[in-house]
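Notes for the one structure printed next.
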Amino acid sequence: MTMNVLIGCEFSGIVRDAFLKRGHFAMSCDFLPSESPEGLHYRGNVLDVLNPEFLLNNGKIKWDLIIMHPDCTALCNAGNKHYAEGSPLYYERVAAARWTAILWSKCRHVCKNVVFENPPGVLTSMAGLPLPQFVQPYEFGHMQQKRTGLYKTASVPDLVQTNNVYREMMRLPVRVREAVFYMGPSADRWKDRARTFTGIGDAFAEQWGNL
């Protein structure tokens, strides 16, 4: 069965392309241009695409699966030093949580199968999203650690690990297996940390490609 899949807040094309390779129609959306030329990419506000009146190729499209990657900067626990209650930028966390709650509601309005991907943070406590399933890259063949939450509607099953390399990974120095955390300062650091691991993207497409 061919599905219509929307990958929101994705500039890398990793998840979109995983669905394309398996024969689905998939479109990504972000304010940034796509790094991959393989598929359709809407450059603009993701709320545009969620509008029921949104037209694609002169027709309306019904999404069968929506996967969103909202900006985690103010939402994740790693930013508590700056964004926790009582901190100078707490108001930014409140605003980000409200925006994400609105985005979740709009996704639910147009599609029953919805997944939001984000690191551990405040999406449940402040934005009202379901309790997440946590996954790790090493469960999908990558020799790295980066705990990631999948906040899903009840119709989307838990992701099943495909290639657990935990034992091999733990032989590596901590700075290697936690390379994302130890990334040095650079103009593209936030982009490099935001990309989905290909093994996880492939698991999305393999396991959720028949919802």
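The values are calculated or read from the model by the stated rules, or taken from the named source; none is laboratory data. The structure presented is a predicted model; accordingly, all values stated were derived computationally and were not measured. Cβ: placed from backbone, ideal geometry, glycine included. Neighbour counts: every protein chain shown.
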Taking segment 118-167 and the residues there that are of a type in the set (S, T, N, Q), within 18 Å of Asn77 (Cβ to Cβ) and assigned to a loop (DSSP other than H, G, I, E, B), the one that is nearest to the chain's Cα centre (by Cα) would be Gln136
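Looking at Ala96, Ala78, Ala74 in this structure, which one is at pLDDT below 95 and buried (at least 21 other Cβ atoms within 10 Å of the Cβ)?
Ala74
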Tell me, yes or no, whether segment 47-64 has at least one residue that is crowded, with 20+ Cβ neighbours inside 10 Å, closer than 24 Å to Phe134 by Cβ and touching a residue at least 40 places away in the same chain (Cβ under 8 Å). no
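Does Met126 satisfy the condition of being under 22 Å from Ile200 (Cβ atoms) and either touching a helix residue (DSSP H, G or I) at 6+ places or on another chain (Cβ under 9 Å) or of a type outside the set (S, T, N, Q) (or both)?
no
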Any idea how many residues of segment 1-31 are free of Cβ contacts under 8 Å to residues at least 60 places away in the same chain and within 21 Å of Cys72 (Cα to Cα)? 6
Could you list, ordered by first residue, the pairs with Cβ atoms under 6 Å in which the first is in segment 190-211 and modelled with pLDDT of 95 or more and outside any helix (DSSP H, G or I) and the second is surrounded by fewer than 21 Cβ atoms within 10 Å (Cβ to Cβ) and of a type in the set (Lys, Arg), at least 6 apart or interchain? Gly209/Arg22
